[in-house]
Every structure is written in structure tokens, then in C-alpha cells.
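**Student:** Input: one structure, supplied below.
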Amino acid sequence: MQEIKSLDITKEEMEYLLLKYKSALKTLETHLNILISDYEFKNKYMPVEHVKSRIKTFESAINKLKRKNYPVNIENIEKYINDMVGIRIVCSFLDDVYKIKNLIKNSKFINVIDEKDYIKNPKGTGYSSYHLLVNVPVYLSDGLHLIEAEIQIRTIAMDFWASLDHKIQYKFEQKIPKDIVSEMYNCSVDINNLDNKMLELNEEVQHFLHTDTNEKE
Ligand code: 0O2
């Protein structure tokens, strides 16, 4: 709390910044829900298990600025913390992640400004996920504001690993013992194998259902 005070920002300014972030989150959530429902209707298939969203706390933004060696001030939060608004889309199978990613990229409403495929190129920790950095249009009384947001798309298996990894990181405040880091990496390899196995099984099931229907006709 002390550090938030040192940001030299009035309560009113902070509330207005939060209002912009909350508006961007609502807009993005609504648009994503529409896109996903439309996909389900047209394909008679729901690739998404659940969607989670959050506004990053100012404490967490300050810690991130420090980790990246930027001076801690409100301008740098707006400039360098591009995931103040965050949405996580958790999918069933590996190929669903790419279906959802393409759905968002083809949307006229959401402007994708950057993307990172941590599934094809996992981070050193073993972290796997697909990240899209987007601009969300928010219309306020003084006109259009483009607010950056991060969309993380991953399978339930990847989400299981990342959630537990996040808890471990939090407990050790980033100073995780080396053997735990290495065990977590090994677990991420197991998770990746499981995801591939589940994808194979699903393809087999689809093939079986398809040939079964064709034989009946
Ligand atoms: P939190 O608490 O989840 O919000 P960059 O400047 O682009 O290299 P940046 O902005 O950190 O760095 O982007 P990156 O690497 O794409 O990661 C952004 C988010 O991905 C993180 O946000 C985490 O949510 C998640 N992430 C990245 N690496 C890991 C990891 O090893 N384990 C887990 N559990 N999550 C990870 P924050 O702000 O760091 O954290």
C-alpha cells in the first residue's frame, strides 16, 4: 500500500484508470462470448471449457515494473504493463487453442498487435500457452480509448500446470529451489505428452463416429 501511495497519483486518477480497465474487460468479455457462442452454433461443438478474467492489481503491476527494471510510476504502468486487463480462455484439446486463436485474429472488432506461441516454443520454466496482445476499443465521453489487453489461450492440462506453478512461485517469491524448478519442468513435459495423447484419442473418436455414421447411411 505504501508503494501505491508513492506512485504520486490521486485517488480520482486511479479510479479513472480502473474505470478504463474495467470497461475494456467488459467489452472484450462480451465480444469473446459472442464469438465463442457463434462458433459453437455453427460447428455444433464447444472448444472452450471456461473463461476467466481479471484486472491486475497495482501491487502486482509495481512488482512487474521492478522485475523489468523500469522506474515505478503511473505512466510506466500504462506504457509497459500491457496485461493490466487479462482474459484466459481454457480449451479442451490442443487443436482447440489454435481454433480459438484464429477466431479472435479473424474478428474485425479485436485488433491483435502481438502474439506469442509458448506452445510451440515453451518458456524455460516449461510454461505453455498461446498469448495474444490486443487493443480493445472503449468509447468514453471524450472519445475513443484503445486499451491493451492480454488473452491467454491454453488447454486444461496447461492451465493445471500454470496455476500450480504460479502458486509455487508466489510461495517462494520467485526464489524457487533449483530441484523444484527442474521437477516442474519435467511435469510440463508430461503435461505436453498428455495433451498430445488426448488429441490423438479425440481424433480417433471423431474418426470412429464418422465412419460409423457413414456405414449406417
Ligand atoms: P500474473 O501474475 O499471471 O499476471 P515480455 O516483456 O513480453 O517478455 P511479459 O509481459 O512477462 O514479458 O510477457 P510473457 O512472458 O508473455 O508473460 C506474461 C504472463 O504469462 C505472466 O504474467 C504469467 O501470467 C504468464 N507466465 C509467463 N511465464 C510463466 C511461467 O513460467 N509460469 C506461469 N505460471 N505463468 C507464466 P505475469 O504478470 O508475470 O504474472
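The values are calculated or read from the model by the stated rules, or taken from the named source; none is laboratory data. Here the structure is a predicted model, which means the values were calculated and not measured. Glycine gets a Cβ as well: all are built from the backbone with ideal geometry, and neighbour counts include every protein chain shown.
**Student:** Which of (1) more than 30 Å from Val112 (Cβ to Cβ); (2) among the basic types (Lys, Arg); (3) at pLDDT 95 or above is the odd one out, the single condition Arg154 does not satisfy?
**Tutor:** (1)
**Student:** Quick check on my filter: what residues within region 175-194 are outside any helix (DSSP H, G or I) and surrounded by 11 or more Cβ atoms within 10 Å (Cβ to Cβ)?
**Tutor:** Ile176
**Student:** Could I ask something else about it? Could you grab the pairs with beta carbons closer than 9 Å, sequence gap of 6+ or different chains, first residue in region 53-73 and in contact (Cβ under 8 Å) with a residue 40 or more places away in the chain, second one more than 10 Å from the ligand (Cβ to nearest atom) and among the basic types (Lys, Arg)?
**Tutor:** Filtered contacts from region 53-73: Val72/Lys66.
**Student:** Moving on. Going residue by residue through region 55-66, is there one that turns out to be in contact with an Asp or Glu (Cβ under 9 Å, 6 or more places away or on another chain), modelled with pLDDT of 95 or more, surrounded by 16 or more Cβ atoms within 10 Å (Cβ to Cβ) and within 23 Å of Met158 (Cα to Cα)?
**Tutor:** yes
**Student:** Residues being within 19 Å of the chain's Cα centre (by Cα) and not β-branched (Val, Ile, Thr): count how many of those fall in region 40-59.
**Tutor:** 9
**Student:** Assuming Asn102 fulfils every condition listed in (1) closer than 30 Å to Leu201 by Cα; (2) within 14 Å of the chain's Cα centre (by Cα) apart from one, which condition is it?
**Tutor:** (2) is the only condition that Asn102 fails.
**Student:** Could you say whether any residue in region 75-98 is in contact with a helix residue (DSSP H, G or I) (Cβ under 8 Å, 6 or more places away or on another chain), within 18 Å of Ala149 (Cα to Cα) and of a type in the set (Asp, Glu)?
**Tutor:** Looking through region 75-98, at least one residue is in contact with a helix residue (DSSP H, G or I) (Cβ under 8 Å, 6 or more places away or on another chain), within 18 Å of Ala149 (Cα to Cα) and of a type in the set (Asp, Glu).
**Student:** Follow-up. Output the number of the condition that Gln169 fails; it satisfies all remaining conditions of (1) of a type in the set (S, T, N, Q); (2) more than 10 Å from the ligand (Cβ to nearest atom); (3) within 24 Å of Ser53 (Cβ to Cβ).
**Tutor:** Failing condition for Gln169: (2).
**Student:** Quick one: in region 67-98, of everything that is more than 30 Å from Asn196 (Cα to Cα) and hydrophobic (A, V, I, L, M, F, W, C), which residue is surrounded by the most Cβ atoms within 10 Å (Cβ to Cβ)?
**Tutor:** Looking at residues that are more than 30 Å from Asn196 (Cα to Cα) and hydrophobic (A, V, I, L, M, F, W, C), I get Val85.
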